[in-house]
Each structure stands twice: as structure tokens, then as C-alpha cells.
Amino acid sequence: MYCSFCGGDTATGDHEHCRSRLSRIDPPRYCAQCARRMVVQVDPMGWTARCSRHGERTSAEAAQR
């Protein structure tokens, strides 16, 4: 698994700052499954993040977690 904020391996390093940023402010920038940079679009209603291999995530999905 990879960090959705910085793209680093979650097994190494401290990603507490990344988790707090993702949950409060920023959309994911990297795919958690393959670490590819995602195409992110932010609008007043939320955000969408799309990985070319693993599809799209939205702010509505993230709020449900």
C-alpha cells in the first residue's frame, strides 16, 4: 500500500502528517494501490481524483469512511 498524499510506501516512514492532511484539507494525490499520480479536480462542492488504472475516488466516498 502507498500513501495517498505523498506516494511513499506506508510500511516505511511516518505518514501521520499525510493522514491528517487528507482527512481535513487535501484530496489524495497518489493512488493508494499503485502510487501513480492521480488527476485531481477540486470544485466548491468537493473533489474527484482519478487513477488511470484503478478508477475514480470522490470526496463523497471519503466522507463516508
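Numerical summary
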{"read-out": "Considering residues of the range 1-24 that are assigned to a loop (DSSP other than H, G, I, E, B) and under 11 Å from the mean Cα position of the chain (by Cα) only, the residue nearest to Arg57 (Cα to Cα)", "value": "Ser4"}
{"read-out": "Which numbered condition Cys34 misses (of (1) at pLDDT below 95; (2) part of a loop (DSSP other than H, G, I, E, B))", "value": "(1)"}
{"read-out": "Selection from the range 23-48 of residues that are surrounded by 15 or more Cβ atoms within 10 Å (Cβ to Cβ) and in contact (Cβ under 8 Å) with a residue 24 or more places away in the chain", "value": "Pro27, Pro28, Arg29, Tyr30, Cys31, Ala32, Ala35"}
{"read-out": "Subset tally (residues that are within 10 Å of the chain's Cα centre (by Cα) and over 18 Å from Gln64 (Cα atoms)) for the range 25-34", "value": "3"}
{"read-out": "Top-ranked residue of the range 49-65 - restricted to ones that are at pLDDT 95 or above and not in a strand (DSSP E or B), ranked as surrounded by the most Cβ atoms within 10 Å (Cβ to Cβ)", "value": "His54"}
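The values are calculated or read from the model by the stated rules, or taken from the named source; none is laboratory data. All values reported here derive from a predicted model rather than from experimental measurement. For neighbour counting, all protein chains shown are included, and Cβ atoms are generated from backbone atoms with ideal geometry for every residue, glycine included.
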